[in-house]
Amino acid sequence: MDISSKNIIDQHHRIHDYLRISLTERCNLRCVYCMPEEGNLLKENSKYMSKAEIIQLANVFVSLGVKKIRLTGGEPLIRKDVAEIIKELSKLPVELAITTNGILIDTYLNTFIESGLRSINVSLDTLKKDKFNTITRRNYFDKVMANIQLLIKNNFHVKINAVIIKGQNDDELIDFIEFTKTQPVHFRFIEFMPFDGNKWNWDKGVSYQDILKLTSEKYGNELKRLEDKKNDTAKSFKIKNYLGTFAVISSVTNPFCDTCNRIRLTADGKIKNCLFSDSETDLLTALRSGENVQQLILDSIWNKKRSRGGMETFDQLSNPLEHGKNRAMVAIGG
Ligand code: SAM
Ligand code: SF4
């Protein structure tokens with residue numbers, strides 16, 4: 001492994017070359033597992049990164065070896081200057097990707113094409129319109145489905161993220177896999193994770209083992225395990241002769257911290273060195289006052305805990321006194 005002085009590394013020898021930038025804490029959906037019921041309390045505008053600050057900070061991260069940038073939120077595509085941000089970031093020597101709820105994909109399709117952004121994760125937790133309205137508390141099912149088809153038609157690499165919750169959408173797991181029979185998408189089943197305000201309770205969780213049991217019983221020898229890529233958070237599978245694939249992201253029951261290479265930059269310019277960490281480093285204030293942000297980045301990641309922000313055991317993760325100190329997911333970015 002080539003560890004140069006320019007790399008962002010932690011005390012556990014993990015190189016961090018993947019940056020997730022949240023563009024906003026706002027969203028046009030209100031997903032029950034993400035957005036607190038009372039909404040997310042927004043700060044005044046000046047507390048959030050401007051376009052120029054996002055680009056400036058992205059450049060610093062790239063100078064420290066970051067090779068991939070994913071835009072997220074809140075909903076990244078509701079930010080008015082998102083097209084300009086994508087165009088500017090596409091000039092950097094990085095793989096650019098985005099995670100979106102899919103509602104505004106048609107508006108920005110040409111921006112994606114012109115910027116060479118080919119990898120798009122769309123969140124969709126159900127194939128049923130009524131259920132979509134209940135989960136997201138909004139009515140955009142047809143729009144999201146049409147936009148997924150638009151991406152497929154234009155040969156994008158499409159991943160669909162579904163958070164699997166017992167009694168909510170676990171009855172659709174086989175339907176999701178059957179969707180991959182004719183659609184060349186990668187469906188990813190995400191274990192329900194605890195964040196502030198989302199009423200998490202693992203009784204509602206569906207584990208990697210549950211999903212494996214269900215799919216093995218249904219598909220037997222037709223179910224093929226695919227090889228994981230380095231730093232992959234998902235265990236991937238394919239049903240013989242199906243066009244698409246599927247995967248399980250098991251952050252709760254089987255975390256993938258050993259190979260974690262992720263850095264998160266929140267919309268208000270704080271580094272979170274782990275999705276589950278409650279400690280943050282304020283890069284934006286430092287940038288505005290002319291401090292050395294490179295050193296702050298290196299220090300923040302150096303101090304990253306080995307696993308799940310220090311919640312090594314399932315009992316720790318399940319304890320609201322531990323995970324309740326974290327932000328709501330909508331203000332982190334996933
Ligand atoms: N709005 C965009 C979207 O929905 O794709 C991007 C931001 S959203 C916070 C990023 C991802 O986090 C989504 O795929 C969402 O399903 C996932 N997510 C949100 N809350 C979660 C939770 N409690 N457990 C697991 N995944 C969650
Ligand atoms: Fe919005 Fe995405 Fe959270 Fe749903 S998961 S409320 S779309 S940020």
Legend entry - Flag for P194 being touching a Phe, Trp or Tyr at 6+ places or on another chain (Cβ under 9 Å) and either acidic (D, E) or assigned to a loop (DSSP other than H, G, I, E, B) (or both): yes
Legend entry - Subset of segment 290-324 [free of Cβ contacts under 8 Å to residues at least 60 places away in the same chain, part of a loop (DSSP other than H, G, I, E, B) and surrounded by fewer than 18 Cβ atoms within 10 Å (Cβ to Cβ)]: G290, E291, N292, E312, T313, N319
Inset, instruction - Evaluate the following for L92: is it part of a loop (DSSP other than H, G, I, E, B), touching a strand residue (DSSP E or B) at 6+ places or on another chain (Cβ under 9 Å), in contact (Cβ under 8 Å) with a residue 12 or more places away in the chain and more than 15 Å from ligand 1 (Cβ to nearest atom)? - result: yes
Inset, instruction - Could you give me the residue pairs with C-beta distances under 8 Å whose first residue belongs to segment 144-169 and is within 26 Å of G205 (Cβ to Cβ), whose second residue is of a type in the set (K, R) and outside any strand (DSSP E or B) wherever it lies, and which are 6+ apart or on separate chains? - result: I165/K204; K166/K204; G167/K204; Q168/K131; Q168/K204; N169/K131
Inset, instruction - Only residues that are within 17 Å of I21 (Cα to Cα) and of a type outside the set (S, T, N, Q): list them for segment 287-297, please. - result: L287, V293, L296, I297
Inset, instruction - Give the residues of segment 70-84 that are aliphatic (A, V, I, L, M), in contact (Cβ under 8 Å) with a residue 40 or more places away in the chain and surrounded by 23 or more Cβ atoms within 10 Å (Cβ to Cβ), sorted by residue number. - result: L71, V82
Inset, instruction - Identify the single condition in (1) farther than 29 Å from C257 by Cα; (2) touching a residue at least 12 places away in the same chain (Cβ under 8 Å); (3) not in a helix (DSSP H, G or I) that L41 does not satisfy, given that it satisfies every other one. - result: (2)
Legend entry - Tally of residues being among the small types (G, A, S) and within 16 Å of ligand 2 (Cβ to nearest atom) across segment 70-88: 2
Inset, instruction - Please enumerate the residues belonging to segment 299-324 that are within 16 Å of ligand 1 (Cβ to nearest atom) and either within 12 Å of T266 (Cβ to Cβ) or within 20 Å of the chain's Cα centre (by Cα) (or both). - result: R308, G309, M311, L317, H323, G324
Legend entry - Considering residues of segment 231-255 that are outside any strand (DSSP E or B) and among the charged types (D, E, K, R) only, the residue nearest to F195 (Cα to Cα): D232
Legend entry - Sole exception among (1) out of contact with any Gly (no Cβ under 8 Å at 6 or more places or on another chain); (2) not in a loop (DSSP other than H, G, I, E, B) for L57, by number: (1)
Legend entry - Verdict on K91 being of a type outside the set (G, A, S), modelled with pLDDT of 95 or more and more than 16 Å from ligand 2 (Cβ to nearest atom): yes
Inset, instruction - Please work out if I263 is assigned to a helix (DSSP H, G or I) and touching a residue at least 40 places away in the same chain (Cβ under 8 Å). - result: no
Inset, instruction - Could you please tell me which pairs satisfy a Cβ distance under 8 Å, a separation of 6+ or placement on different chains, a first residue in segment 96-116 that is closer than 16 Å to G74 by Cβ and near ligand 1 (Cβ under 10 Å from one of its atoms), and a second residue that is of a type in the set (D, E) and modelled with pLDDT of 95 or more? - result: T100/E75; N101/E75; I103/E75
Inset, instruction - Return only the number of the condition from (1) aliphatic (A, V, I, L, M); (2) in a loop (DSSP other than H, G, I, E, B); (3) modelled with pLDDT of 95 or more that L212 does not satisfy. - result: (2)
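The values are calculated or read from the model by the stated rules, or taken from the named source; none is laboratory data. This is a predicted model, so every value here is computed, not measured. Here the Cβ is made from the backbone with ideal geometry for all residues, glycine too, and neighbour counts use every protein chain on show.
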